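The values are calculated or read from the model by the stated rules, or taken from the named source; none is laboratory data. The structure presented is a predicted model; accordingly, all values stated were derived computationally and were not measured. Glycine also receives a Cβ, built like all others from the backbone with ideal geometry; neighbour counts cover every protein chain displayed.
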Amino acid sequence: MPNSNEVPLMFQAPVTGRGQIQYIQQPEKSARWVDEWVEAAATKSPQFSANVKTKEYKITWRFVSNSGQDDDIIRPVIAAKGFPYYPGASMKGAFLRACTSQEAQRYCGSQVSSNETQPGILRFHGAYPKDDSWCEQPLIDVVHPQQDWQVKNGESHSAFLQISLYKPTLVFGISSTIEIAKSEWETIWTIWDKAIEKGIGSRVSAGYGQPINHRETKLITVNLKGQGLASQLIDKSGEFRPNMFKAALRGHTLRLFSAMTNENTAEELTKELWGGFAGANGAIVGHLGIAFNPVDLELDEFRYNRSVIMPVYQLNVGTLNILCMSNFADEYKKELKILVTQILKFSMLLGGFGKSWRRIEHRIFFPEYLENGNKPMIGCHWEFKKPSNNYYFPVNNLKHITNILDGVHKTVNNWLIFKGKTLSNQVNSWRESFHPQKVQVWGRIAQDEDDSLAVRWFHGNYQGNQSIKGSRLTGKMGNIGRIYHRMYPHYMKNTNNEMIRQGNQRRQYVELLTIFPDKNDERTQDFLTFLATTEFTKFWGQ
């Protein structure tokens with residue numbers, strides 16, 4: 001008698017007496033599900049027929065084609081012979097949104113009357129991966145929302161899984177019911193170029209399903225470099241995950257809004273900008289999205305205690321696009337660009353992106369901490385590349401930090417007025433609301449990479465036998481701390497209004513501590529008293 005356990009999971013019934021292809025009932029069996037799927041899939045990519053026009057597009061990161069969710073796992077759309085597939089109906093919908101009314105009627109059809117439609121001349125065949133290299137990449141993707149845990153006072157957070165393709169090249173197919181000229185095919189593919197710029201598939205605002213080019217949709221483009229801890233997938237391999245940019249920008253948006261209006265309005269506006277869920281009303285499509293192209297990226301491993309491996313990344317060049325996901329009026333786009341520019345600059349000023357973003361990169365600023373090979377890597381470090389230096393806040397003197405933070409608050413204030421929202425100076429209950437009564441920002445000039453004062457305070461006594469290590473201020477495994485530490489590249493503007501890095505051979509930094517004090521914690525209060533006696537000066541907050 002056959003053993004039921006040998007039946008591939010995608011064909012096992014989720015409940016007695018009922019079968020459903022592709023069902024993944026238990027997350028812990030996802031690896032087996034994927035292995036069986038890849039093994040059963042055809043090795044040769046499907047080919048479109050001769051009458052179908054095709055064009056290839058490279059996806060810069062992952063691509064999710066969502067065919068539904070089982071428990072905490074989002075499954076892919078799978079076509080004949082097991083190949084992953086982007087449906088033609090989805091392609092038509094994206095194409096239609098990029099058309100003018102005349103183009104929509106000719107290419108996609110129209111409603112003639114309540115019971116009659118006029119079909120368009122185009123047929124959309126969707127897309128397949130160009131070859132079978134998709135099955136050689138990690139397919140199980142871990143998504144781990146942490147906003148409530150990090151910004152508010154949330155005590156729990158959980159991850160869920162989805163099956164997604166890693167950097168595939170997709171071949172899209174379109175055919176026509178009539179003969180059309182070559183010049184019109186060029187018009188058709190230009191429309192599709194515009195359509196795909198907003199991303200295809202699911203989770204596009206977080207960087208999934210994004211092509212390389214964004215000529216029409218980009219609000220801001222910046223060039224970045226950075227290094228730090230990479231994310232770890234379910235198979236323990238490392239991955240550089242561009243969705244961390246949206247996570248950081250969204251989190252700081254919420255921190256800033258919550259300082260100027262009530263909690264409900266802050267959440268409402270953040271969801272309007274970055275998307276989210278609205279309970280029974282379903283998902284909210286945000287006005288903003290991100291797309292990231294890691295032009296020059298290296299992944300490596302950091303090893304400590306001989307056997308413990310931590311994945312790390314070295315991004316030498318990367319391009320971050322912040323996208324406008326809808327066709328807004330010029331006035332709205334102008335105000336939106338002003339706001340998101342300040343949020344991006346604010347994010348780079350006080351922290352970093354990705355894992356361990358609240359701490360400086362110890363390999364750069366505290367290498368002796370790692371010399372014996374028995375301690376884990378900590379932190380990250382991010383900088384704008386030269387073409388984007390104007391996105392730095394110039395710090396001609398340290399007092400400018402106060403002006404900078406006041407300026408960010410003013411921009412957020414102006415946005416709330418523009419949106420017709422009620423302003424409020426009331427202090428809310430969230431741990432990391434960026435309200436002057438909830439946060440303090442301290443700073444000093446560091447002469448070079450070896451001149452960080454604060455990094456040593458995190459790992460030893462800062463005065464006598466006093467320590468903040470493992471405290472409610474610094475946090476520990478499973479508990480979010482209340483302090484950020486940043487070494488911000490020190491730039492000033494010269495008489496020609498050019499951004500000039502300070503320090504020449506010994507590059508200077510503005511060493512910043514952002515603290516959300518717990519007024520009931522004695523160790524925090526002792527540290528703040530000590531901090532006032534050091535080279536650090538408080539520039540913002542009470």
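Here are some notes:
- Residues in the range 245-272 that are touching a Lys or Arg at 6+ places or on another chain (Cβ under 8 Å) and touching a residue at least 40 places away in the same chain (Cβ under 8 Å): 4 in all.
- Matching residues in the range 28-58 - criterion: being modelled with pLDDT of 95 or more and among the hydrophobic types (A, V, I, L, M, F, W, C): Val52
- Test: residue in the range 447-458 that is touching a Gly at 6+ places or on another chain (Cβ under 8 Å) and at pLDDT below 90: no
- The combined condition, being surrounded by fewer than 16 Cβ atoms within 10 Å (Cβ to Cβ), closer than 30 Å to Val317 by Cα and not polar (S, T, N, Q), is fulfilled by Lys375.
- When Gly354 is tested against (1) modelled with pLDDT under 95; (2) at negative phi, exactly one condition is not met: (2).
- The residue list Lys419, Lys399 contains one member that is under 29 Å from the mean Cα position of the chain (by Cα) and either over 27 Å from Phe257 (Cβ atoms) or not polar (S, T, N, Q) (or both), which is Lys419.
Quick grid of which residues meet (1) buried (at least 21 other Cβ atoms within 10 Å of the Cβ); (2) of a type in the set (D, E, K, R):
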position	(1), (2)
Ile284	no, no
Glu298	no, yes
Gln314	no, no
Ser326	no, no
Gly354	yes, no
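- For the range 254-268, the criterion of being buried (at least 20 other Cβ atoms within 10 Å of the Cβ), under 25 Å from Phe418 (Cβ atoms), under 12 Å from the mean Cα position of the chain (by Cα) and not small (Gly, Ala, Ser) is met by no residue.
- Figure legend. Inter-residue proximity from the range 292-304: first residues in contact (Cβ under 8 Å) with a residue 60 or more places away in the chain, second residues aromatic (Phe, Trp, Tyr) and not in a strand (DSSP E or B), beta-carbon distance below 7 Å, spacing 6+ or different chains. Indicated pairs: Phe292/Trp61; Phe292/Phe245; Pro294/Phe240; Leu299/Phe240.
- Condition broken by Ile364, with the remaining ones in (1) closer than 30 Å to His400 by Cβ; (2) surrounded by fewer than 20 Cβ atoms within 10 Å (Cβ to Cβ); (3) modelled with pLDDT under 95 satisfied: (3)
- Hits in the range 392-422 - residues which are part of a loop (DSSP other than H, G, I, E, B), out of contact with any helix residue (DSSP H, G or I) (no Cβ under 9 Å at 6 or more places or on another chain) and touching a residue at least 40 places away in the same chain (Cβ under 8 Å): Asn396, Leu398, Lys399
- Counted residues, the range 214-242 - those being touching a strand residue (DSSP E or B) at 6+ places or on another chain (Cβ under 9 Å), of a type outside the set (Asp, Glu) and in a loop (DSSP other than H, G, I, E, B): 10
- In summary, Asp72 fulfils each of the numbered conditions (1) over 27 Å from the mean Cα position of the chain (by Cα); (2) among the charged types (D, E, K, R); (3) surrounded by 14 or more Cβ atoms within 10 Å (Cβ to Cβ); (4) modelled with pLDDT under 85 with the single exception of condition (1).
- Boolean, Ile284 is farther than 30 Å from Trp540 by Cβ and in contact with a helix residue (DSSP H, G or I) (Cβ under 7 Å, 6 or more places away or on another chain): yes
- Considering the conditions (1) of a type outside the set (S, T, N, Q); (2) farther than 24 Å from Ser388 by Cα; (3) outside any helix (DSSP H, G or I), Glu331 is excluded by exactly one of them, (3).
- If you filter the range 423-445 down to residues that are hydrophobic (A, V, I, L, M, F, W, C), touching a residue at least 60 places away in the same chain (Cβ under 8 Å) and surrounded by fewer than 21 Cβ atoms within 10 Å (Cβ to Cβ), you find that the one that is nearest to Tyr332 (Cα to Cα) is Leu423.
- Flag not set for Gln232, criterion: polar (S, T, N, Q), touching a residue at least 40 places away in the same chain (Cβ under 8 Å), in contact with a Gly (Cβ under 7 Å, 6 or more places away or on another chain) and buried (at least 20 other Cβ atoms within 10 Å of the Cβ).
- Selected residue (only one of Thr253, Thr319, Thr270 is farther than 30 Å from Asn374 by Cβ, assigned to a strand (DSSP E or B) and either β-branched (Val, Ile, Thr) or in contact with a Cys (Cβ under 8 Å, 6 or more places away or on another chain) (or both)): Thr319
- Taking the range 83-195 and the helices (runs of 4 or more DSSP H) fully enclosed by it, the elements with 1 or more residues that are modelled with pLDDT under 85 are at 147-151.
- Considered as a group, the residues in the range 323-358 that are in contact (Cβ under 8 Å) with a residue 60 or more places away in the chain and among the small types (Gly, Ala, Ser) include one that is nearest to Leu416 (Cα to Cα), and that residue is Ser347.
- Residues satisfying the stated conditions in the range 423-451, i.e. β-branched (Val, Ile, Thr), in a loop (DSSP other than H, G, I, E, B) and in contact with a helix residue (DSSP H, G or I) (Cβ under 7 Å, 6 or more places away or on another chain): none
- Residues within the range 201-213 that are part of a loop (DSSP other than H, G, I, E, B), surrounded by 22 or more Cβ atoms within 10 Å (Cβ to Cβ) and either in contact with a helix residue (DSSP H, G or I) (Cβ under 8 Å, 6 or more places away or on another chain) or on the phi < 0 side of the Ramachandran plot (or both), tallied: 5
- When the range 83-134 is limited to residues that are touching a helix residue (DSSP H, G or I) at 6+ places or on another chain (Cβ under 9 Å), of a type in the set (Gly, Ala, Ser) and buried (at least 17 other Cβ atoms within 10 Å of the Cβ), the one that is nearest to Ile191 (Cα to Cα) turns out to be Ala98.
Condition check ((1) closer than 21 Å to Ile220 by Cβ; (2) of a type in the set (A, V, I, L, M, F, W, C)) across all residues:
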position: Leu370; (1), (2): no, yes
position: Gly373; (1), (2): no, no
position: Asn389; (1), (2): yes, no
position: Tyr392; (1), (2): yes, no
position: Asn414; (1), (2): yes, no
position: Gly420; (1), (2): no, no
position: Leu423; (1), (2): no, yes
